[in-house]
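Quick notes on the structure that follows.
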Amino acid sequence: MADADADRLRRPAGAAPAKLSAPQQAMRRLGLLRDIDLALHLPLRYEDETRIAPIASLREGEPAQVEGVVSACRVEQRSRRQLLVSLHDDSGELLLRFLNFYPAQQKQMAPGQRLRVRGELRAGFLGREMVHPTVKPVRADTPLPQTLTPVYPTSAALPQAYLRKAVGAALARAPLAEVLPPQAPPPGLPSLREALLFLHQPPPGTPLGALEDRSHPAWQRLKWEELLAQQLSQLQARAERARLQAPALPPRAQGLREGLLRALPFALTAAQARVVAEIGADLAQPQPMHRLLQGDVGSGKTVVAALAAATAIDAGWQCALMAPTEILAEQHFRKLVEWLQPLGVSVAWLTGSRKGKLRTQMLAQVASGQAMLVVGTHAVIQQDVGFARLGLAIVDEQHRFGVAQRLALRHKLDEQELEPHLLMMSATPIPRTLAMSYFADLAVSTLDELPPGRTAVLTKVFADARRDQVVARIRDAVADGRQVYWVCPLVEESEHLDLQNATATHAELSAALPGVRIGLLHGRLPAAEKAAVMAGFTQGQTPLLVSTTVIEVGVDVPNASLMVIEHAERFGLAQLHQLRGRVGRGVAASACVLLYTPPLSESGKARLRAMAETGDGFEIARRDLEIRGPGEFLGARQSGDALLRFADLHADEPLLQHARALAPRLLASHPAAARAQVERWLAGRAEYLKA
């Protein structure tokens, strides 16, 4: 790509219009704006065009390249028009078949023309043939390429030939000089320039397996560089926050927090006590806390949040708790009102469904400081919500909120350029490698102990053909006075997904279980109706609740002892574990039935097997990272921009360990090199870490 082309691609929106070609527009859409972007746009795979095989040596099912002369070229009308080309060399003859073709291609392959052809041999009706091979007209003296041919990720408007030329030009211009001290990289790895040149232009004989599984030293160098940039950006984000100011909220010896501890009808577990102390130490500092509280389903995060809120309120500052769904927010609201209102704390409730005079009253209480604790959904961060003195923001199920939403909550404090303390909570435990990489900028507290009274949940995996047995089990559970959840993935029929939906399942179960009151809950119900359905189930009046995943978090009904999950193969592991956590909250033996529709994919089998084999949320999280990658845990932390393009946290842990150990030393002794490394690899995306 010429410098002028690059300048036009980089031109910001709103600048003087410049006509871009279709390939240039496609490159812009792919984010290929700078020479370094192109240099880091690595091949998906390679084709070996460095060798010519005799036609007679070809083996069925194997890709190969041959060169020969066209002996015949004709169009035949079979079930459809086809272009048939006969090609021969000194060893034999081969038929080339094209089902889609242009007149120009037919002329290109006229009898007597020498062609270089690459494709996969198959046995056809007329003999040995290749269907839609790659064809290049050549002369007898046309040289062979000296490197393997890269095949890049691209789009329809960006031909491989154009992209290869652009990448080759960018490699010559890109700033690939070493920015790191010579002793920084792990021993035995090539320089960055050498690694990139090798990966874009591997020499003949390079083992393709080492390129495809990314174990080659050139790949290792790239992955280590990327991991180092990520570690440095995390340390920079943490250092930047350390320079910010927050209100110091030290706990009082005989204050509200101690009063709440005395009033609770249960004692804290050792894990809860440890985490409360960690949070208390953070809140006492004049720098903003940025802590992630992780704990398995039912580990008691809400009471830890209540004690943190009590600490802030006792120091004269407000606390806001934001949850992703109204059901979860209401669950928190009821618990916090039950615990804190008797101690004199006024609690406000803000959700999208609260409108009119009630909302106006709540907004006034929040703005005046009368409401010291504010609980709600994303409504808490709407523009018309103003706090008197927000000192602590708590975000539950943090991975379900976007970066902008979490930043908006932090920006609700304007007083003296202070930042509120931030506590994020997650019932999806973070695997160790993720904690070391994507969450390295956070302080992490872990509730690794379940409160007494939680019972183990037996998990069974049933094919949909055993549905009648599941219904019979529900009948028995209801007869014994127990309650049951039945979870479906859709609300209404979809043309694209053949899934049991909540409304159809509700009708089927109503017919199969006459006399049993069955509730129906989904996200499209009006708020008042949703609340009434949940109240009926919570109070024990409704034995069976058919629901979508709105009951994934926050619902606590101790009498519910059976969970049925329809089309379990369509859910992620973390979501299955969350849903299973809705049962086992009382003294009765509890079970979770995972109904699936065969056939299962390999990842589907792995997820259901993991659910049946373990109830440990940390082990579930580890397996989920192996199966699905980091997306399940990150949510919108990077706002859709993964900070790792090449490294694999599971396979590349040794490289991560090396980068993690080196990053603080590099930042301290070579700060300019550290900044250059982050800019080269992240180019501004590190801003997402600030949320």
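Structure notes:
- Normalised by 2.2 N^0.38 Å, where N is the number of residues, the alpha-carbon radius of gyration of the stretch 268-320 equals 1.12.
- The angle separating the long axis of helix 326-340 from the principal Cα axis of greatest extent in the chain is about 30 degrees.
- Close amide H partners of SER346, meaning residues 5 or more places away or on another chain with modelled amide H under 5 Å apart, are MET372, LEU373.
- Put simply, the amide H of SER91, placed in the peptide plane, has neighbours under 5 Å in ILE55, ALA56, leaving out anything fewer than 5 places away on its chain.
- For the stretch 71-81, putting each phi into the Karplus relation 6.51 cos²θ - 1.76 cosθ + 1.60 with θ = phi - 60° gives couplings of 9, 7, 9, 8, 9, 10, 9, 9, 5, 7, 5 Hz, in residue order, rounded to whole numbers and with x for Gly and Pro.
- From the alpha carbon centroid of the stretch 419-481 to that of the stretch 195-246 is 34 Å.
- Of the chymotrypsin sites (Phe, Trp or Tyr not before Pro) in the stretch 115-202, the ones in a loop by DSSP (not H, G, I, E or B) with at most 15 other beta carbons within 10 Å are PHE125.
- Under the Karplus curve 6.51 cos²θ - 1.76 cosθ + 1.60, θ = phi - 60°, whole-Hz ³J(HN,Hα) for the stretch 103-117, x wherever Gly or Pro sits: x, 5, 5, 4, 5, 4, 10, 6, x, x, 6, 8, 10, 10, 10
- Environment charge of ALA668, counting only residues whose C-beta is closer than 15 Å and scoring Lys/Arg +1, Asp/Glu -1: +4
- Packing-based order for 374-382, 263-271, 607-615, using average beta carbon neighbours within 10 Å, highest first: 374-382, 607-615, 263-271
- Positive contributions from Lys and Arg (+1) and negative ones from Asp and Glu (-1), summed over other residues with Cβ under 10 Å from the Cβ of ASP314, come out at +1.
- Rounded to 10°, Cα long-axis angle of helix 217-242 versus longest principal axis of the chain: 30
- Assigned charges on the beta-carbon of Lys, Arg, Asp, Glu; the chain dipole about Cα centre (debye): 940
- Local electrostatic count, LEU40, Cβ distance below 11 Å [Lys/Arg +1, Asp/Glu -1]: -1
- Per the Debye calculation on the stretch 515-585 with a single equal scatterer at every Cα and no solvent contribution, log₁₀ I(q)/I(0) for q = 0.21, 0.22, 0.28 Å⁻¹ amounts to -0.95, -1.04, -1.46.
- For the stretch 104-182 versus the stretch 317-337, the inter-centroid distance based on Cα atoms is 59 Å.
- Look at the dipole of the stretch 54-108 built from charges on Cβ: of SER57, VAL70, GLN108, the Cα furthest out on the positive end belongs to GLN108.
- In sequence order, the stretch 291-301 has phi-based couplings of 10, 9, 9, 10, x, 5, 3, x, 7, x, 6 Hz under the Karplus curve 6.51 cos²θ - 1.76 cosθ + 1.60, θ = phi - 60°, and Gly or Pro positions carry x.
- Neighbour-limited loop hits for trypsin sites (Lys or Arg not before Pro), the stretch 177-281 (at most 10 other Cβ within 10 Å; DSSP other than H, G, I, E, B): ARG243
- Look at (1) 27.7; (2) 40.2; (3) 29.6: the one that is Kirkwood radius over Cα pairs in Å derived from this structure is (3).
- 32 Å Cα-Cα threshold exceeded, pairs from LYS19/LYS223; LYS460/LYS530; LYS335/LYS605: LYS19/LYS223; LYS335/LYS605
- Taking a straight line from the alpha carbon of LYS107, these lysines sit under 25 Å away, with near neighbours fewer than eight places off in the same chain left out: LYS136.
- Backbone amide hydrogens, once placed in the peptide plane, bring LEU121 within less than 5 Å of GLY61, GLU62, ALA64, excluding anything fewer than 5 places away on its chain.
- Working note: 222 nm ellipticity from helices only, DSSP H runs with n ≥ 4, each -39,500 (n - 2.57), summed and divided by the residues of the chain, gives -11500 deg cm²/dmol to the nearest 500.
A short reminder: the numbers here are calculations on the coordinates, not readings from a lab. If you're wondering where the values come from, they're calculated on a predicted model, not measured in any experiment. Please note: Cβ atoms are built from the backbone with ideal geometry, for glycine as well, and neighbour counts cover all protein chains shown.
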